[in-house]
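To start, the structure itself, in structure tokens.
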Amino acid sequence: MQFFKKKAKSTDRIGLVVNSDQLVLVHMQEKDGAPYLANCKRVALQSERKAGEALTKLVKDLDLEGTQCSYVLNPKDYNLHLVEAPNVEADELRAAVRWKIKDMLDMKVEEAAIDVFQIPEDAYRGRDMVYVVASQKSRIKSIVEMVTASGLELAVIDIPELVMKNLSSQFIEDRNGVAFMALRRTGSTMNISRNGDLYLTRRINTQLDPEVMQTPEWDGLKDRLVLEIQRSMDYYESQIGKNQITRIVIAQRQHDTADMIETLDGLLAAQVTALDLAEHLQGEVELTPEIQQIYMAAIGATLRGGNKQVKPEEPEAQEAA
């Protein structure tokens with residue numbers, strides 16, 4: 001018997017996001033069948049090269065060695081393309097897609113790490129479409145080495161679009177379709193999902209600082225944001241062939257969530273509300289709007305494969321054929 005064997009952490013998960021000036025780590029546990037937020041930590045970095053050292057220290061200080069980790073890529077670390085799926089067997093899809101998108105890449109195809117995620121069969125009026133994620137192999141290798149060296153066990157390398165899907169799948173009722181948006185300084189992301197399936201994801205280039213509503217530029221940015229949102233929802237209806245989206249949910253912003261909701265709700269036909277993770281997640285951390293904005297991606301990274309935590313809404317009329 002090993003008297004000092006470490007306690008198994010099979011239900012624990014680390015969400016990790018690293019960029020040029022900070023490292024963000026979330027430690028999620030499971031209690032009574034629901035996610036439980038054990039810890040949130042942020043470490044300022046002088047440069048991204050210091051991330052490995054900072055992560056190793058944090059893992060040791062928090063006694064997280066051996067815990068599974070989901071790492072979230074930065075948008076600059078990958079390209080996302082929507083293409084028609086090649087007519088091949090499932091186990092041949094990645095290889096076939098690699099050569100289909102080679103002319104779309106900003107890297108040599110031989111240097112690209114490729115993965116795909118599929119769209120529901122009832123999207124695009126029967127056309128078989130897939131999203132393709134492409135990243136530099138060297139970048140993926142450096143992430144694997146950093147996480148492994150820290151003592152964590154790398155379980156998955158994820159992207160922001162899919163960690164947002166994790167959040168909406170658990171905490172937003174989407175039986176009749178919903179748009180979920182993160183409005184950020186570095187650009188915004190919109191997902192449209194239905195019954196837990198992701199039908200459309202789009203990056204919206206409108207950059208929204210935490211104080212944007214107090215700036216002279218807000219009027220112009222507001223009009224551009226509304227136009228991009230409406231175009232995305234029109235595309236979902238006309239090209240994907242689904243009923244109009246009537247609900248938009250935005251992620252918490254640092255200061256102006258209520259004002260942003262009021263403004264967008266007045267300019268769009270869809271009802272606009274916010275996702276407040278504090279209403280859904282128990283834990284040791286007070287989920288203020290600022291904390292939610294900082295840690296949202298890392299929290300979402302820990303929720304892959306989780307069970308829905310909200311009650312389903314009443315079904316509406318069946319979709320038009």
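The values are calculated or read from the model by the stated rules, or taken from the named source; none is laboratory data. Predicted model only: the values in this text are computed from it and were never measured. In this analysis, Cβ positions are derived from the backbone assuming ideal geometry, glycine residues included, and neighbour counts consider all displayed protein chains.
Is it the case, given these coordinates, that SER238 is surrounded by fewer than 22 Cβ atoms within 10 Å (Cβ to Cβ) and of a type in the set (S, T, N, Q)? Before the answer, list the steps.
Values: surrounded by fewer than 22 Cβ atoms within 10 Å (Cβ to Cβ): yes; of a type in the set (S, T, N, Q): yes.
So SER238 fits the description; yes.
For VAL97, state whether it is more than 30 Å from LEU25 (Cβ to Cβ), crowded, with 18+ Cβ neighbours inside 10 Å and of a type outside the set (Phe, Trp, Tyr). Steps first, answer last, please.
Details: more than 30 Å from LEU25 (Cβ to Cβ): yes; crowded, with 18+ Cβ neighbours inside 10 Å: yes; of a type outside the set (Phe, Trp, Tyr): yes.
Yes: the conditions hold for VAL97.
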*Scan region 94-113 and give yes if some residue there is within 19 Å of ALA155 (Cα to Cα), within 21 Å of the chain's Cα centre (by Cα) and part of a strand (DSSP E or B), otherwise no.*
yes
*Has region 197-204 got at least one residue that is outside any strand (DSSP E or B) and either more than 22 Å from MET129 (Cβ to Cβ) or in the same structural domain as THR263 (by TED's automatic domain parsing) (or both)?*
no
_Considering only residues that are of a type outside the set (S, T, N, Q), more than 18 Å from the chain's Cα centre (by Cα) and either part of a loop (DSSP other than H, G, I, E, B) or within 20 Å of ASN19 (Cβ to Cβ) (or both), which ones fall in region 144-174?_
VAL144, GLU145, MET146, VAL147, ALA149, GLY151, LEU152
*Across region 22-31, what is the number of residues that are in contact (Cβ under 8 Å) with a residue 40 or more places away in the chain and over 29 Å from VAL133 (Cα atoms)?*
1
_Restricting to region 32-55, name every residue that is touching a helix residue (DSSP H, G or I) at 6+ places or on another chain (Cβ under 9 Å), touching a residue at least 60 places away in the same chain (Cβ under 8 Å) and of a type outside the set (A, V, I, L, M, F, W, C)._
PRO35, ARG42, GLY52
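Are any of the residues in region 245-253 modelled with pLDDT of 95 or more, surrounded by fewer than 19 Cβ atoms within 10 Å (Cβ to Cβ) and not in a loop (DSSP other than H, G, I, E, B)?
Filtering region 245-253 for residues modelled with pLDDT of 95 or more gives 245-253.
This time we only want the ones that are surrounded by fewer than 19 Cβ atoms within 10 Å (Cβ to Cβ), so: 246-247.
Still in the list and also not in a loop (DSSP other than H, G, I, E, B): 247.
Yes, there is a match, as at least one residue in region 245-253 is modelled with pLDDT of 95 or more, surrounded by fewer than 19 Cβ atoms within 10 Å (Cβ to Cβ) and not in a loop (DSSP other than H, G, I, E, B).
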_Filter region 266-303 down to the residues that are among the small types (Gly, Ala, Ser) and part of a helix (DSSP H, G or I) and list them by number._
GLY266, ALA278, ALA297, ALA298, GLY300, ALA301
